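See structure below.
The values are calculated or read from the model by the stated rules, or taken from the named source; none is laboratory data. It should be emphasised that the depicted structure is a prediction, and the values quoted were computed from it without experimental measurement. Because the Cβ atoms are built from the backbone with ideal geometry, glycine has one as well, and the counts that use them run over all protein chains shown.
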Amino acid sequence: MIRLFFLLLLASCTNIPTTPDGPQCSPVFTYVKSTDGKEYIEVESSYCLCRMYHFGLDYVGKVPNITTWKEPIKYCDKLIGWTPEEYTKKASFWEAVRAAVEKEINNHE
């Protein structure tokens, strides 16, 4: 029952920004042992695994029927998940949802 109320509440919220589908990427490292016994990341065989991701009131998650793909490891340099600009859009989206839900709750009290 609470889930239904929450969904109805979200459906009634307006002015919630949208964020377009975009890639979400994570590095996959290959490790090798050197002659001194230490492990190092082998850049040539490491890669960045990406998938399309959707953020919306209707669905949050991997976009169905779209396969993952590999990018060179440099693509993920200092990045896990989204680019800083995309992360800002996602955080702004969820903040707008939170504020709209809080406003609706306060209006019904």
Going through the range 21-49 one residue at a time, which ones are among the β-branched types (Val, Ile, Thr) and either surrounded by 14 or more Cβ atoms within 10 Å (Cβ to Cβ) or not in a strand (DSSP E or B) (or both)? Thr30, Thr35, Val43
What do you reckon, is Tyr53 in contact with a Gly (Cβ under 9 Å, 6 or more places away or on another chain), modelled with pLDDT of 75 or more, surrounded by 14 or more Cβ atoms within 10 Å (Cβ to Cβ) and among the hydroxyl-bearing types (Ser, Thr, Tyr)? yes
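Every residue, every condition in (1) closer than 15 Å to Pro20 by Cβ; (2) of a type in the set (Phe, Trp, Tyr); (3) touching a Leu at 6+ places or on another chain (Cβ under 8 Å), yes or no:
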{"residue": "Tyr40", "(1), (2), (3)": "no, yes, no"}
{"residue": "Pro72", "(1), (2), (3)": "no, no, no"}
{"residue": "Asp77", "(1), (2), (3)": "no, no, no"}
{"residue": "Phe93", "(1), (2), (3)": "yes, yes, no"}
Between residues in the range 70-81 that are within 11 Å of Ser26 (Cβ to Cβ) and loosely packed, with under 14 Cβ neighbours inside 10 Å and residues that are at pLDDT below 75 and hydroxyl-bearing (Ser, Thr, Tyr), which pairs lie under 8 Å by C-beta distance while being six or more apart or on different chains? none
